[in-house]
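Everything below concerns the one structure shown next.
Since every read-out is calculated from the coordinates, none of them should be taken as a lab result. Everything quoted here is computed from the prediction, not taken from an experiment. All Cβ positions, even for glycine, are placed from backbone atoms using ideal geometry, and neighbour counts span all protein chains on display.
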Amino acid sequence: MRKKFLPTLLISTLLLTGCTSAAPGSVNNSDNLNDLQDQVKELQEENASLKKQLDAVKEENTALKEQLGTDPEATPEGTAIPQQGTPISAGDTITTEYAEIVINKVELTYDVLPDDTSGFYTHYAADPGNVYIHLDLDVKNLGKQNLKCDDILAAKADYNGGYTYSGFAVPEDSVTGFTYANITSIKPLETLGVHILFKCPQEVEESENALFITIEPKHSQDSYILTIR
């Protein structure tokens with residue numbers, strides 16, 4: 001009986017030992033719980049930091065809204081985005097160190113004609129589905145060097161608060177009506193008619209949405225806003 005008892009006792013002891021020891025490669029739940037608690041703590045700290053940043057942005061937007069009297073995040077349809085520049089209108093004159101620019105008129109048209117249509121002349125007819133914004137100028141060269149017609153100003157039309165169209169210069173010509181800006185210059189102290197054209201979708205003419213032109217004379221830091229509607 002003694003010989004049989006000892007092996008049985010030894011086996012029982014080994015089995016109990018195996019049950020209480022962690023098997024190789026097993027996961028310690030206590031360590032996992034600690035890791036998860038650390039991750040949760042980090043996420044809570046990150047969320048608190050993001051909330052502070054969001055609150056700061058909301059405060060800035062509220063202050064800007066009170067200053068402008070509008071919601072800085074809203075751009076209602078038909079409302080132009082506020083622009084920086086000196087307001088001007090047809091009949092006004094822009095004077096820089098190099099040029100005197102008279103705003104004769106601004107219009108939306110499907111056919112841009114020269115001032116003299118008594119004989120042969122060239123013209124700009126809009127493609128189907130398009131319209132031209134036509135800015136009619138007289139430009140006097142105040143400098144002592146020839147002034148290139150494609151180096152007078154930069155102009156951009158803004159429709160409905162963000163749809164923009166760049167203008168291109170078309171100088172007048174006594175023989176053909178219009179000519180090309182890159183081959184035409186204005187002599188010192190002389191004046192030449194220059195037209196700025198913006199090719200736009202027909203909707204620009206048919207709607208009542210906000211429309212204005214930003215004019216930036218070359219070699220100048222000034223900017224001017226011509227409101228059409």
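List, in the order given, every pair from 58/156; 148/199; 144/199; 52/156 whose Cα-Cα distance in the structure shown is over 31 Å. Long pairs (Cα-Cα over 31 Å): 58/156; 144/199; 52/156. For residue 202, the residues whose amide H sits under 5 Å from its own are 130, 131, ignoring neighbours fewer than 5 places away on the same chain, with H placed 1.01 Å from N. Checking every one of the GluC sites (Glu not before Pro) in the stretch 144-229 against DSSP loop status and a limit of 13 other Cβ atoms within 10 Å picks out 190, 208. Indicate the gyration tensor shape class of the stretch 89-227 (rounded, prolate or oblate), computed on the Cα atoms with a ≥ b ≥ c the square roots of the eigenvalues: a/c under 1.5 is rounded; otherwise a/b larger than b/c is prolate and the rest oblate. Oblate shape, in that a/c is at least 1.5 and b/c is the bigger or equal ratio. Residue by residue, the stretch 188-194 carries 3J(HN,Hα) couplings of x, 6, 9, 10, 9, x, 10 Hz when phi is fed to the Karplus relation 6.51 cos²θ - 1.76 cosθ + 1.60 (θ = phi - 60°); x denotes Gly or Pro. When each of the peptides 92-105, 114-127, 131-144, 40-53 is scored by how many other beta carbons lie within 10 Å of its residues on average, the order from highest to lowest is 131-144, 92-105, 114-127, 40-53.
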